[in-house]
1. Sort Val6, Val43 so the one with the fewest other Cβ atoms within 10 Å of its own Cβ comes first.
2. Within a 10 angstrom radius of the beta carbon, how do Met120, Met73 rank from fewest other beta carbons to most?
3. Taking all pairs of distinct Cα atoms, average 1/r, flip it, and tell me the Kirkwood hydrodynamic radius of the chain in Å to one decimal place.
4. Could you give the nm distance between label points at Ile112 and Val72, where each point is 7 Å from its Cα heading toward the beta carbon?
Amino acid sequence: MKSMTVDKTKFGSQLKKLRNEKGFTIRQAALQANLSNSFWSQVENGKRNIPKPITLEKMAKGLRVSKEQIFVMAGINNSDLATKETDKPEYVDLKDQINDKKKIMTFEGRIIPDEDLEYMERLLRGGKKD
């Protein structure tokens, strides 16, 4: 997910430069990001790997910059993040789908008649009606 051209030392020095440009101490930035001073310092000094996106978002908040700016510094592009977001399974309540009159339910390209949907719902309830 991270670019080969950005290593932890380069990222750390860029982070430090940005923090100094913003006029924040390590303590101030870390406090705003809800991270420890020591963690922040270790990242800046290249003693830690480039943090995960969730931590990078916190760092962006601490520096009052966009998360995209920090992600670019870390060598992460938006398409990498979009892929990760879509990798997560989406939970869908079948009952809501069946009862949504704005949706036409199909199976293998054929429309499922309402009476069949009602039958399927009864089966899923264990044969019980509402």
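1. Ranking Val6, Val43 by Cβ neighbours within 10 Å, fewest first, gives Val6, Val43.
2. Working: Met120 15, Met73 22.
Fewest-to-most ranking of Met120, Met73: Met120, Met73.
3. Over the chain, the inverse of the mean reciprocal pair distance is 18.3 Å.
4. Distance between the two pseudo-spin positions: 4.7 nm.
Values quoted throughout were computed directly from the atomic coordinates according to the rules given, and no laboratory measurement underlies them. Everything numeric here is computed off the predicted structure, so don't read it as measured data. Reconstructed Cβ throughout: ideal geometry from the backbone, glycine too, with neighbour counts over all protein chains shown.
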